[in-house]
Amino acid sequence: MEKAVELFQYLEDIGKEIEKTGFFVLGTPWGVDDVLAEAKKQAQAGNRWMWGLGSLGGFQISDALKDHVDKYPRIVEGQPILPHACGWTKLNKIKQENRVRFIRQYLCDPFAEEANGFSLKKIREYNEYSDGTIKCSCHEHHDHHLSKAAVVAVSDPAYTEDRANCESSILVAAKFSCGCRFLLEEWGDHVHTLDYEEKACEIANRHKLWLQRFGIESVNFQLALANNLKYRKEKGEFPLNVELPEKGSPALLMPKRRDKDARIASQISPVNSGLWHVRPTMGQNHNTEKPNLMEQLYRWPFSRKRDRADAFGYFDDCWEGLSGSNYVAEDEVNINEEVQRQDFENMRLDEAYA
Ligand SMILES: [Zn+2]
Ligand SMILES: [Zn+2]
C-alpha cells in the first residue's frame, strides 16, 4: 500500500509539470492510507479540482465536477456494478469464503458498521472493585471474581530499534469459565527494548495477584526479551508466580500457527457473542495517529497501525490450559495464600494512600 501511494505521488508530480493533463484515479477504497485516500487528501488540499469518490451508500463528488453528469459512474448504489459478470450469487460466495477479500475488493465502504465482522457495540463496559470482583450489567448473575479467572498478558514487542516503525503492545485480560472476557489493561507505545522490559515488569507487578502467564510473540530476538524478563524475575523485578515463554509453553506465542488476519478474526465470534468487556476508559478513541485497541479493531484490516489488534488475536492461544486455579477456599489456606493475601492487603493500602 505504501509503495502504491509513493508511485501515485510520483505520477501526480509528473502530471503537474504538463499543462492540461488529466489524471484519473479509479479504484475501490479499502483503507485509511491507500491511494484513493491520498488522492482525496490532495483534492481537499486544493491541489486537484475535479474528483469523484464512489462508495456504497454514497458517491462524493467535487463541486467542479458536479455539472459533468457524463462523468458520473452509471451505477445503482448498493448494487453490483457489473451484475452480468459478478452478481449477488458470486458476491455472496466470495463474502462467505473470504470476508476480508470481499470488503477489500468489492465493498467500497471499508468502515461500514460491522463490515469487517466485528460488532463493536457488543463489547460492554465493566467495573472492577478493589477486592477483585468484576461487575457488568449484561451478566449480572455470573460469579466474576478475578481469583476464578484465567488472567494472562499478551504482548507483541516491536522488534526493531526504529521507534517510528512499530508499536510495542501489552494487553492483560481475564477469562472466566462462563466464557466472559474482561480487558484489564492495554498499553502500546513506540519504545526501545529496555523501556519495553520496564513496562512489562510494571504491568506484570500491577496484576501479580491474579496474573498467571505473560505471553510474548516469538519472533526473532524477542526470545532474548523473554530471557531478560526471566533474569529480572530472579532479581525480584518480575513476579515469581507468572509463567514466561519457553519452549513448549503456551506463553510462547507462535505467529506461524495462523496468519495475522485469521488470528484477529478468531476474536470475532467472542466479541459478537457479547463475551468481551472493556473498562469505561477503553472505548474507541477515534485517534488515527495513536489508535487504541477498539479503534484498531474498528479499522481492521485496513490500517497499518494494528499492533494491539495483533496482540488481541493471541488471547486464546495464551489462555490455553488455564482456568481460575488461583482460587482456594477459606479452610484450605496455606502459607503461599497467606503471602498472597498479605500482598493484596498491602496493595489495598497502597491504593488507599495513593
Ligand atoms: Zn457482561
Ligand atoms: Zn460470565
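Just so it is clear, none of the values below were taken in a lab; they were calculated from the coordinates. These numbers come from a predicted model, not from an experiment. Heads up, the Cβs are rebuilt from the backbone with ideal geometry, glycines too, and the neighbour counts pull from every protein chain shown.
Computed from backbone phi with θ = phi - 60° and the Karplus coefficients 6.51, -1.76 and 1.60, the 3J(HN,Hα) list for segment 122-135 is 7, 7, 9, 8, 9, 10, 10, 9, 5, 8, x, 7, 10, 10 Hz; x is used for glycine and proline. Across segment 226-241, coupling constants 3J(HN,Hα) worked out from phi with the 6.51/-1.76/1.60 Karplus curve, θ = phi - 60°, read 4, 5, 4, 5, 4, 4, 5, 4, 4, 7, x, 8, 10, x, 4, 7 Hz, and Gly and Pro carry x. Here the scattering of segment 140-240 is modelled by Debye summation over its C-alpha atoms, one equal scatterer each and no solvent; at q = 0.12, 0.13, 0.15 Å⁻¹ the log10 of I(q)/I(0) is -0.41, -0.48, -0.62.
Shown is the FRET efficiency for Glu185 and Ile14, computed with R0 = 35 Å from the Cβ-Cβ distance and rounded to the nearest 0.05: 0.10. Between Gln96 and Lys3, the C-beta separation translates, for a Förster distance of 35 Å, into a calculated FRET efficiency of about 0.70. Placing a pseudo-label 7 Å from each Cα along the Cα-to-Cβ vector at Ser269 and Asn127 gives an inter-label distance of 3.4 nm.
Which links in Lys175/Lys208; Lys208/Lys230; Lys208/Lys247 stretch past 19 Å when you go from one Cα to the other? Beyond 19 Å: Lys208/Lys247.
Phi-derived couplings, Karplus 6.51 cos²θ - 1.76 cosθ + 1.60 at θ = phi - 60°, listed residue by residue for segment 190-207: 8, 9, 7, 3, 5, 5, 4, 4, 4, 5, 4, 4, 4, 5, 4, 5, 5, 10 Hz, with x used for Gly and Pro.
Contour minus end-to-end for Cys136 and Ala112, with contour as 0.36 nm per residue of separation and end-to-end as the Cα-Cα distance?
On the way: separation 24, 0.36 × 24 = 8.64 nm, distance 2.77 nm.
That pair, Cys136 and Ala112, stretches by 5.9 nm at full extension.
Sorted fewest first by neighbouring Cβ atoms within 10 angstrom, Leu240, Leu297 come out as Leu240, Leu297.
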